[in-house]
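The values are calculated or read from the model by the stated rules, or taken from the named source; none is laboratory data. What you are looking at is a predicted structure, and each value in this text was computed from that prediction instead of being measured. So basically every Cβ, Gly included, is an ideal-geometry build from the backbone, and we count neighbours across all protein chains shown. Surface areas here come from the heavy atoms of the whole protein model, side chains and all, with no ligands, DNA or RNA. Shrake-Rupley method; radii C 1.70, N 1.55, O 1.52, S 1.80 Å.
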Amino acid sequence: MRTKRPDGIKDYTGPAGGWGALKAVAISLKAQQIVSRGAQTLLKSNQPDGFDCPSCAWPDPKHTSSFEFCENGAKAVAWESTAKKIGAKFFAEHSVEDLWKQSDHWIEDQGRVTEPLRYNAATGHYDVVGWDEALSEIGAGLAAVPDPDQAEFYTSGRCSNEAAFLFQLFVRLYGTNNFPDCSNMCHEATSVGLPKSIGIGKGTVSLDDFDHADLILSFGHNPGTNHPRMMATLRDVARRGGKIIVFNPLKERSLERFESPQSVVEMATMSATPIATTYLQVKIGGDAAAIKGIAKALLVLDDAAQAAKAAGAASEPVLDHAFIADHTAGLDAYSADLRDTRWETIERDSGLTRAELEGVAQIYAASKATIACYGMGITQHRNGTSNVQQIANLLLLRGNMGRPGAGICPLRGHSNVQGDRTVGITERPKPAFLDRMRDVFGFEPPRGDGHSVVESIAAMRDGKARAIVCLGGNLAIASSDPQACVEGFRNMDLAVHITTKLNRTHLLMAKATYVLPCLGRTELDTQETGPQSVSVEDSMSMVHASRGFLKAPGEHVKSEIWIVGQIAKATLKGKGGIDWDAFIGNYDLIRDKIEAVFPDFADYNRRVREPGGFHLPNSAALRVWKTDSGKANFIPTPRKDDSAAIDPSVLRLTTLRAHDQYNTTVYSLDDRYRGVFGRRDILFMNDADMARLGFAEGDVVDVATALEFARADRVVQKLTVVRYALPEGCCASYYPETQPLIALEDHDPQSFTPSYKSVPVTIRPAAADMGAEIGVARAGVVGHAKRIPA
Ligand SMILES: Nc1nc2c(c(=O)[nH]1)N[C@H]1C(S)=C(S)[C@@H](COP(=O)(O)OP(=O)(O)OC[C@H]3O[C@@H](n4cnc5c(=O)[nH]c(N)nc54)[C@H](O)[C@@H]3O)O[C@H]1N2
Ligand SMILES: Nc1nc2c(c(=O)[nH]1)N[C@H]1C(S)=C(S)[C@@H](COP(=O)(O)OP(=O)(O)OC[C@H]3O[C@@H](n4cnc5c(=O)[nH]c(N)nc54)[C@H](O)[C@@H]3O)O[C@H]1N2
Ligand SMILES: [Mo]
C-alpha cells in the first residue's frame, strides 16, 4: 500500500507537451489579463516580420509555421506584455521595506514599471523622477567614481545586438572592461573551453544538421522546459529512427516521451513519441567520467578493428584516423590518459556501469553522423570548462565536427546571450577586437582584463567597487552567494537598473538607486527616423531582425538603446565625440558600426532585413581551427587526487529550473512534469539515501553547505523531502531558492562559472527558525528570504 504523498506532490504519468501545454498557454494569457492581445502577439513570435521570442535561443526553422511559439515562450510573452502596470501610486503605497517582504513572484507580478524611479532614503520609498533629472544625476554619479575600474556594467542576455554594442562602446569610452554578464553564469565554460578545443566558443551545427544525424547525445539539458521548440526537432529525429542517448541524473519527461501540440494525430489520439532510445542516469558531476568511459571503450573497439584488419578481415576502423591526422593535435596524451584511467574510477564517478558505457560506445561507433547537445548540467560545475572539452574530444575521435549531421550544440540560454558576446560584451576582450574599436571610433580602449560576475560581486562585497549599472537581469538573485550580493549592492554609491519589471535586486539600496523603465521585445519602438528593428543571434549563429508591434506600456517607457545612449551622453559629456543622438534616432547607424568593427557582419543592414536573417561564419564548422596549434585539440581531464575519502553523509545538490519559471522569474509554483504543484520548497532525494540518512518522504529538513565552503549562514531551511529517482549520493532542488548554499568562491577556476549544479550539502531535520530565514521557500513565498540580514 502506498503512503500518502506530501501536499502538492503527484505522480505525473503523461508525456511532455500535449493538452497540458495548450491549457498552460491559456492560463498564462488569462493571468496577465491579455487573452485577445496575447493570441495576436503569439502569432507574431519568431516570424520573419515579427519579434524574436524573448524566452530561449533555439533557432527558427526556415519555413516558419504560424505557430512557432511554445508553451514556455507563450508564458514569457504573456509575462512581458501583461496589462498590469506600476507607477507613482504603487510606489507611494509600498515602501521598499514592505516590498522586500513580498515573494519574488509577487514583486514581478505587479506589472510593468512605467516611470523612472529614484530611491528616497528619507521616506524609504521609490519616487517617480523625470528622465532629465535621473539621467543627469546618473551621469554625474558615474563621472564621480574615482577610477572607471571601480564601476561594474552588467548585461542580461535579453538585450539586442544594437543595445549591447552601444553599451560596450559607452563603457569602454568610460574606461573599463568590467562586463559581468549572465553568460558568466551560464555558457562561460563553452566560451572558454571550446576555443581551446576547436578555436571558436560557439556551437558548430545548424538546424539542418539534425536532419542528417543518426545519433544525438544529450547531456544535461531539459528541452521540454527550457527549449521547447527543440522538442519538434528531437521528435523528428526519433520518428525517422535516429538514436538519442540521454545523460541526466533526473528522468526528465520530455526526454522520455513527447506529445507534439502541433501534431493533430498525437493530440487527437493522445499518443506520444518516445524520445530517448537510451537513458542513463549519470551521477551529478559524473559526465566527465562517463565520457572518458565511452572514449576508453572506443579506443578498445578501434584496437580490435585494426587488429582484425591486420589479420585480413574487412573491418572498418572506429576512429577517424584520417581526420585525426590532418586536423587534430594531442591524441597521444589524451589516449594515454584514457588508457590509464581505471574502470572502477569511471564507474564510481559516473554512477554508470562499464557495460552501459561500452554499449554507448558501440552505438556511437556505428553512427555515421553524431551531434552532441548540452546545457547547464555540463557547464555549471567546478570542472565545467573541462566537461565541455570532454564532449569535444569525443566528437573529434570520430571526426564528428564540420560535416553534415555532426557537431557540437551548446544550448544557449537567454535569447540573445550569444549575440551580446559576439558584439563585444566581454570582460576579457581580445586585442584584435580592441584594435578595431580603436580604429573605428578613434580612442584607445582599456586593455586589461575586467570583471566577470563572480569577480564583480567580490569587488562589490569587498568595497572595491563603487557603482553598478545593470542592463536587465536580476543579478543579486541569479548570482551565487546572495549573502555577498546583498552586502555588495548595499555598499555601492550608485546602482542603476534598466528593466521592464521590478525584482528583488532593485530593492537592495545603494546610496543612490535608480530604476529606469524599458521596452520589451514585443513592443513597437519608434524613434526619429520611424519604427526601429533590433537584431539577435540564436544558438546556431543565425542573426535576424526583431520588431515588436505592441503599444508601449506608458509614454515614459524608453528603448534600451535610448536609455544607454542618454546615460552615455550624460556621463561622457562629449568625450569620444560620438553622436549618440544619431544612433538613437536610427538603429541602422549602429549596425553600420557593428559591421565596421566585425567584418563578419558585412552588409548587415541589408542581410538582416531578409526573412530569416543570415548566418555568421563559423570557422570550426568549416574545419578551420583557430587554436594555438592550428588544429583541433584533444584535451585530457586535469589529473585529480583520488585519495580523499568520500564522506557518505555529504550529498551533491543540483539546482533546477521548474517548468513554470524563467530563471529568477517564477510564473507559477507548478513544475508539472516533475509532479510538483503549488510549491517549490522541495528537496528531491532518492530512496537509498533517505533510508541511509534516516529520512522519509514528507520530512521537513534543513540543507547546509558542506566541506570547504560550509558556513553558519549557508543553510536553506524547511524543505520538504520528496522521493525521486536520482542516482545515489545526489539530490536536487530549485534555483534560485537554494542560492544561499553556493559560495561565491565555489566556481570553475577556468571560466568562473558558479558550481550551481554540484553543491556539497548535508541534510538535517529542520531546526527552529534561524531568524534570518535565508532562502526559505514556502508555498506562496517564492524565491529568496522574506528578510535577508543586512
Ligand atoms: N522556460 C524557460 N526557458 C529557459 C530558461 C528558463 O528558466 N525557463 N532559462 C534559459 C537559460 S538562461 C538557460 S541557460 C537555459 C537552461 O536550460 P538547461 O540547460 O536545460 O537548464 P537547467 O534546467 O538548469 O538544467 C538542465 C538539466 O541538467 C540536469 N543536470 C543537473 N546536474 C547535472 C549533471 O551533473 N550532469 C548532467 N548530465 N545533467 C545534470 C538537470 O536534471 C536538468 O535536466 O534555458 C533557457 N530557457
Ligand atoms: N542556482 C542557480 N543559479 C543560476 C542558474 C542555475 O541553473 N542555478 N542559472 C544561471 C543562468 S544560466 C543565468 S543565464 C542567470 C540569469 O541571470 P539574469 O539574466 O540576471 O536573470 P533573469 O532572471 O533572466 O532576469 C530577469 C529580469 O530581467 C528583467 N527583464 C526582463 N526582460 C527584460 C528586457 O527586455 N529588458 C531589460 N532591460 N530587462 C528585462 C526583469 O526585471 C526580470 O526580473 O542565472 C544563473 N543562476
Ligand atoms: Mo543561462
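Side notes on the structure shown:
- Selection count, the stretch 502-524, where residues are open to solvent by 20 Å² or more (accessible area, probe 1.4 Å), under 30 Å from Arg229 (Cβ atoms) and either of a type in the set (D, E, K, R) or within 16 Å of ligand 1 (Cβ to nearest atom) (or both): 1
- Filtered residue count, the stretch 388-443, keeping only those that are within 16 Å of ligand 1 (Cβ to nearest atom) and open to solvent by 30 Å² or more (accessible area, probe 1.4 Å): 1
- The stretch 469-584 holds helices (runs of 4 or more DSSP H) entirely within its bounds, and those carrying 1 or more residues that are modelled with pLDDT of 95 or more and within 30 Å of Ala602 (Cβ to Cβ) map to 560-572.
- Hey, Gln532 in contact with a helix residue (DSSP H, G or I) (Cβ under 7 Å, 6 or more places away or on another chain) and either open to solvent by less than 20 Å² (accessible area, probe 1.4 Å) or among the aliphatic types (A, V, I, L, M) (or both) or not: yes
- Qualifying residues in the stretch 116-146 (those that are touching a residue at least 24 places away in the same chain (Cβ under 8 Å), of a type outside the set (A, V, I, L, M, F, W, C) and outside any strand (DSSP E or B)) - the one most open to solvent (accessible area, probe 1.4 Å): Pro146
- Scanning the stretch 353-396 for residues that are closer than 18 Å to Asp320 by Cα and not in a helix (DSSP H, G or I) returns Ser367, Lys368, Ala369, Thr370, Ile371, Ala372.
- Of all residues in the stretch 460-473 being within 23 Å of Asp713 (Cβ to Cβ) and open to solvent by 10 Å² or more (accessible area, probe 1.4 Å), the one that is nearest to the chain's Cα centre (by Cα): Arg461
- Tallying residues that are of a type in the set (Asp, Glu) and over 30 Å from Met401 (Cα atoms) within the stretch 155-200 yields 1.
- Scanning the stretch 147-163 for residues that are part of a helix (DSSP H, G or I) and under 30 Å from Ala76 (Cβ atoms) yields Asn161, Glu162, Ala163.
- Qualifying residue in the stretch 197-218 (condition: of a type in the set (Asp, Glu), at pLDDT 95 or above and within 16 Å of ligand 1 (Cβ to nearest atom)): no
Per-residue answers, yes or no, for (1) within 16 Å of ligand 3 (Cβ to nearest atom); (2) among the aromatic types (Phe, Trp, Tyr); (3) modelled with pLDDT under 95:
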| residue | (1), (2), (3) |
| --- | --- |
| Ala644 | no, no, yes |
| Arg657 | yes, no, no |
| Gln661 | yes, no, yes |
| Thr665 | yes, no, yes |
| Asp681 | no, no, yes |
| Met690 | no, no, no |
| Ala710 | no, no, yes |
| Gln717 | no, no, yes |
| Pro736 | yes, no, yes |
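- Looking across the stretch 207-261 at every residue that is part of a loop (DSSP other than H, G, I, E, B) and among the small types (Gly, Ala, Ser), the one that is nearest to ligand 2 (Cβ to nearest atom) is identified as Gly220.
- For the stretch 397-412, a residue qualifies if it is basic (Lys, Arg) and either assigned to a helix (DSSP H, G or I) or under 19 Å from the mean Cα position of the chain (by Cα) (or both), and exactly one does: Arg412.
- Residue within the stretch 551-562 that is within 26 Å of the chain's Cα centre (by Cα), within 16 Å of ligand 3 (Cβ to nearest atom) and within 19 Å of Gly50 (Cβ to Cβ) present: no
- When the residues of the stretch 356-378 are filtered to those that are polar (S, T, N, Q) and more than 17 Å from His221 (Cβ to Cβ), the one that is least open to solvent (accessible area, probe 1.4 Å) is Ser367.
- When Asp439 is tested against (1) more than 24 Å from the chain's Cα centre (by Cα); (2) within 15 Å of ligand 2 (Cβ to nearest atom), only condition (2) is not met.
- From Gly419, Gly407, Gly448, residue being of a type outside the set (D, E, K, R) and on the phi > 0 side of the Ramachandran plot: Gly407
- Pair list, Cβ < 7 Å and 6+ apart or interchain, from the stretch 274-294 residues that are over 17 Å from Gly377 (Cα atoms) to residues that are more than 16 Å from ligand 2 (Cβ to nearest atom) and among the aromatic types (Phe, Trp, Tyr): Ile275/Phe258; Ile294/Tyr364
- Taken over the stretch 287-306, the criterion of being among the small types (Gly, Ala, Ser) and under 11 Å from Phe219 (Cα atoms) is satisfied by Ala288, Ala290.
- Across the stretch 697-732, the qualifying residues are those that are of a type in the set (Val, Ile, Thr) and touching a Phe, Trp or Tyr at 6+ places or on another chain (Cβ under 7 Å), and the one among them that is farthest from Ala290 (Cα to Cα) is Val701.
- Only listed residue being touching a strand residue (DSSP E or B) at 6+ places or on another chain (Cβ under 6 Å) and either among the aromatic types (Phe, Trp, Tyr) or assigned by TED's automatic domain parsing to the domain that holds Leu741 (or both), chosen from Arg711, Arg674, Arg692, Arg680: Arg680
- All positions within the stretch 71-115 that are part of a loop (DSSP other than H, G, I, E, B) and either modelled with pLDDT of 90 or more or open to solvent by less than 20 Å² (accessible area, probe 1.4 Å) (or both): Ser81, Thr82, Lys84, Gly87, His94, Ser95, Ser103, Gln110, Gly111, Thr114, Glu115
- Where a residue in the stretch 470-481 is more than 11 Å from Val453 (Cα to Cα) and in contact (Cβ under 8 Å) with a residue 12 or more places away in the chain and its partner, wherever it lies, is assigned to a helix (DSSP H, G or I) and within 12 Å of ligand 1 (Cβ to nearest atom), with Cβ under 8 Å and at least six apart: Gly473/Cys182
- Exclusive hit being assigned by TED's automatic domain parsing to the domain that holds Gln150 and within 18 Å of Ser103 (Cα to Cα), set Arg490, Arg504, Arg521: Arg504
Residues checked against (1) assigned to a loop (DSSP other than H, G, I, E, B); (2) among the hydroxyl-bearing types (Ser, Thr, Tyr); (3) surrounded by 17 or more Cβ atoms within 10 Å (Cβ to Cβ):
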{"site": "Lys640", "(1), (2), (3)": "yes, no, no"}
{"site": "Ile646", "(1), (2), (3)": "yes, no, no"}
{"site": "Ser649", "(1), (2), (3)": "yes, yes, no"}
{"site": "Thr654", "(1), (2), (3)": "no, yes, yes"}
{"site": "Ala658", "(1), (2), (3)": "yes, no, yes"}
{"site": "Ser668", "(1), (2), (3)": "yes, yes, yes"}
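- Test result for Thr522, within 10 Å of ligand 2 (Cβ to nearest atom), touching an Asp or Glu at 6+ places or on another chain (Cβ under 8 Å) and touching a residue at least 40 places away in the same chain (Cβ under 8 Å): yes
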